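What follows draws every value from the coordinates through simple rules; no lab data is involved. These numbers were taken from a predicted model, which means no experiment stands behind them. Don't worry about glycine lacking a Cβ; one is built from the backbone with ideal geometry, like all the others, and counts go over all protein chains shown.
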Amino acid sequence: MKVAIYTRVSTIEQAEEGYSISEQQDKLKKYCDIKDWKVARVYTDPGFSGSNTNRPSLQQLISDCKNNMFDAVLVYKLDRLSRSQKDTLYLIEDVFNKNGVGFISLSENFDTSTAFGKAMIGILSVFAQLEREQITERMTLGRVGRAKAGKAMSWANCPFGYIIQKEIYEIDPFRAEIVKRIYRDYLSGVSITKITQKLNEEGHVGKNVNWSYRTVRQILGNIVYAGYIKYKNEIYPGLHKPIVSLSDYKKVQVELEKRRITQAQLFNPRPFRAKYMLSGLMRCGYCNSVLQIYTTQLKSGVQLHNYKCPSSSPKSSSRYKRHDFDCGFTRVRKNDVESVVISEIKKLPLNMDKVINNKENKDNAKEIKAIKVELQQVEKKQDKIVDLYLLDNINVDELNKKNDELSKQKENLQKRLNSLTDNKKKEKIEDFIKNAKEAKNIDKLDYEKQKVIVRNLISGIKVFNDKVEINWNI
């Protein structure tokens with residue numbers, strides 16, 4: 001009788017005693033010698049899972065079986081053929097039996113030529129399926145355990161801004177600052193498209209390839225940056241340090257949804273056509289909702305205008321509402337908040353240096369520091385390349401290629417550093433100073449002209465119950 005020997009090991013089983021390819025083949029060939037069977041061919045699938053039939057040698061065995069190249073198939077153990085009940089029965093009934101080929105398992109001591117062997121095939125294939133499902137379950141439980149322990153989950157694709165150290169995400173200072181800037185820019189009203197363009201204009205610093213809309217969007221939606229681990233839609237506290245606050249992360253998620261639904265209405269307020277000076281500019285200092293103006297008609301005929309937060313009233317049905325609970329914001333009179341803003345604008349000429357320096361220091365200090373550290377690391381890599389060349393461990397072509405890559409990276413870093421430290425916003429600052437000077441007598445101008453000046457000087461206003469924070473347009 002001509003017999004085809006089939007052997008298989010998965011990656012996990014390669015090191016297990018009794019399952020190695022060589023040991024399986026040795027035992028099966030000796031068994032054939034004892035039975036005086038002729039080995040027609042040995043089929044081997046090293047490193048392939050038994051959960052499916054997508055294995056090159058198994059597919060060849062099936063093809064040869066249909067061409068009547070052997071009389072029986074011999075395996076060391078049933079699960080070497082397959083761990084899937086469905087696949088096992090398919091191979092035996094629809095491939096082997098259909099073509100008059102027997103199936104024999106050495107370890108289980110049965111073959112399909114007997115009634116007992118046919119019955120045992122069905123029973124054992126059930127247990128093979130059970131074992132595969134148990135392995136899957138154990139692997140799943142292991143991943144859940146890692147997530148619950150707060151350990152890193154993305155080994156193959158570590159989130160930008162982190163590196164993996166001892167199963168924990170560790171912050172990469174330079175790239176973490178880029179992540180912070182992405183969040184900061186987005187919350188200030190910059191679109192994902194413009195953020196992507198800006199990063200690429202700077203030479204896609206920190207990445208070997210250009211930034212894409214999808215990458216920036218994924219960063220904005222990844223809760224890992226807030227210090228958490230997500231697995232199968234469940235969120236667990238992470239062992240790593242956050243790059244952004246949970247509060248900012250939540251604000252970004254709300255912004256993402258709001259922009260998806262009402263982007264034009266929320267972030268393109270057509271400022272010079274706005275009826276009121278601060279329409280669309282003011283946001284709640286507690287929940288970041290856009291403040292809405294409400295008009296009350298008194299019996300005397302006088303109209304009172306107040307700005308309110310749509311999230312401060314649980315019964316509010318406003319599309320700008322962010323929460324179903326009271327955020328704590330009360331209200332602010334239109335005339336009162338406009339007076340505060342006009343007053344702050346009048347002070348600009350006296351506080352110009354302070355306003356500009358505070359803005360620059362707040363936004364750029366950490367990024368400047370991170371870029372300088374990254375520049376030092378690039379320079380160290382260049383020094384190492386030179387050392388390798390001197391020691392004859394690297395050829396000239398490889399040296400030039402690697403050095404060009406590092407030089408380009410260094411050039412992009414230096415450009416970004418220069419843009420932050422050497423008159424980064426020179427033209428914008430000059431325009432701001434010019435507009436501020438023109439606003440010297442803003443309180444004496446008519447309302448429409450005041451609106452124009454306010455829009456030129458202010459990009460946003462955070463309003464609290466007891467204070468106002470102005471984000472100047474520089």
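What the table below lists for this structure:
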| read-out | value |
| --- | --- |
| Residue 99-residue 33 FRET efficiency (beta carbon distance; Förster radius 30 Å; 0.05 resolution) | 0.75 |
| Region 162-268: relative contact order as a whole-number percent, Cα under 8 Å and 6+ apart | 25 percent |
| Links that overshoot a 32 Å alpha carbon limit, given the list 415/467; 66/232; 198/241; 241/381; 194/437 | 415/467; 66/232 |
| Neighbourhood charge, 9 Å Cβ-Cβ cut-off, centred on residue 153 and excluding it, Lys, Arg +1 and Asp, Glu -1 | +4 |
| Net charge, residue 285 excluded, C-beta distance under 9 Å - Lys, Arg +1, Asp, Glu -1 | +2 |
| Net charge, residue 36 excluded, C-beta distance under 15 Å - Lys, Arg +1, Asp, Glu -1 | +3 |
| Extension gain (nm, one decimal) between residue 114 and residue 197, 0.36 nm per residue minus Cα-Cα | 22.8 nm |
| Gain upon complete extension [residue 296, residue 466; 0.36 nm per residue less C-alpha separation] | 58.9 nm |
